[in-house]
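Report on the following structure.
The values are calculated or read from the model by the stated rules, or taken from the named source; none is laboratory data. From a predicted model like this one, the values you see are computed outputs, not experimental measurements. Glycine gets a Cβ as well: all are built from the backbone with ideal geometry, and neighbour counts include every protein chain shown.
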Amino acid sequence: MKLLFFGPPGAGKGTQAKKVSEIFKIEHISTGDILREAVNKGSELGKKVKTIIDKGELVPDEIMNELVKEKIKDLDSFILDGYPRTIEQAKSLDRTLKELNKQIDAVVLIDVPEEEIVKRISSRRVCPNCGKVYNLITLKPKNDELCDNCGTNIIQRNDDREEIVRERYKIYQRNTYPVIEFYRKNNTIITIDGSKDVEEVTKELFNMLRRFRKNDNN
């Protein structure tokens, strides 16, 4: 299977993609992994990526598109997680797949309402000393707001503040929903309610993918 995974920040998209990768034996490809791999290889393209990242800038579409093409060209099955993010990237991927004589089998959308995303992420806390992550709703520290490991006061990262989370959600909607509509015309869209417990989401997703794979093989 060749799958695309979409979902707003905090929806658990990456977690579910990894689970599918492990059970169905499909390579999980995230944009972060692709960029790190390119930098570590030290190729000319990797050097360009490192320079861009070191400056704190976003990697341009043309470079990202080239990296993805290089990554998927020899794969029969894969999960693309975090790409394409824009219509321009989606069109580039479409051209690449046609060139490689491949096609996307299904698009998985882990859908979670804005208020649930805000509650999840704004409740997240991290220990600045050891890095342990907590959640004031689902994974509280044992002693008030002190780290269980080292006793340091846990903190809220700037990116986890409510106003930042809402802005990231708006950006996701603005950029990603047009991409989903782009795929809705020609691909199977598997929509999962990501507001449920992680185990419930996984079970529902696995059942749908198994049915899809069975039907696809008939």
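Residues checked against (1) among the β-branched types (Val, Ile, Thr); (2) in contact with a helix residue (DSSP H, G or I) (Cβ under 6 Å, 6 or more places away or on another chain):
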residue: Ala11; (1), (2): no, no
residue: Thr31; (1), (2): yes, no
residue: Leu58; (1), (2): no, no
residue: Glu66; (1), (2): no, no
residue: Tyr83; (1), (2): no, yes
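The rows are residues; the columns are (1) touching a Phe, Trp or Tyr at 6+ places or on another chain (Cβ under 8 Å); (2) crowded, with 16+ Cβ neighbours inside 10 Å.
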site: Leu3; (1), (2): yes, yes
site: Gly12; (1), (2): no, yes
site: Ala38; (1), (2): no, yes
site: Leu45; (1), (2): no, no
site: Leu75; (1), (2): no, no
site: Gln89; (1), (2): yes, yes
site: Leu93; (1), (2): yes, yes
site: Ile104; (1), (2): yes, yes
site: Leu109; (1), (2): yes, yes
Hey, does region 136-150 have a residue that's of a type in the set (S, T, N, Q) and under 22 Å from the mean Cα position of the chain (by Cα)?
yes
Of the residues that make up region 153-165, is at least one closer than 18 Å to Val107 by Cα, without any contact (Cβ under 8 Å) to a residue 60 or more places away in the chain and either among the hydroxyl-bearing types (Ser, Thr, Tyr) or buried (at least 16 other Cβ atoms within 10 Å of the Cβ) (or both)?
no
Given the residues Ile23, Ile87, which is the only one that is out of contact with any strand residue (DSSP E or B) (no Cβ under 8 Å at 6 or more places or on another chain), closer than 20 Å to Asn207 by Cβ and of a type outside the set (Asp, Glu)?
Ile23
In region 46-61, which residues are part of a helix (DSSP H, G or I) and either over 25 Å from Ala90 (Cβ atoms) or touching a residue at least 24 places away in the same chain (Cβ under 8 Å) (or both)?
Lys47, Lys50, Thr51, Asp54, Asp61
Check whether at least one residue in region 113-121 is surrounded by 13 or more Cβ atoms within 10 Å (Cβ to Cβ), in contact with a helix residue (DSSP H, G or I) (Cβ under 8 Å, 6 or more places away or on another chain) and part of a strand (DSSP E or B), and report yes or no.
no
Output the residues belonging to region 136-147 that are more than 21 Å from Val198 (Cβ to Cβ) and either loosely packed, with under 14 Cβ neighbours inside 10 Å or touching a residue at least 12 places away in the same chain (Cβ under 8 Å) (or both).
Lys142, Asn143, Asp144, Glu145, Cys147
Restricting to region 185-218, count the residues that are of a type outside the set (S, T, N, Q), touching a residue at least 60 places away in the same chain (Cβ under 8 Å), surrounded by 13 or more Cβ atoms within 10 Å (Cβ to Cβ) and out of contact with any helix residue (DSSP H, G or I) (no Cβ under 9 Å at 6 or more places or on another chain).
1
Of all residues in region 173-218, count the ones that are among the hydrophobic types (A, V, I, L, M, F, W, C), part of a helix (DSSP H, G or I), at pLDDT 85 or above and farther than 17 Å from Lys91 by Cα.
6
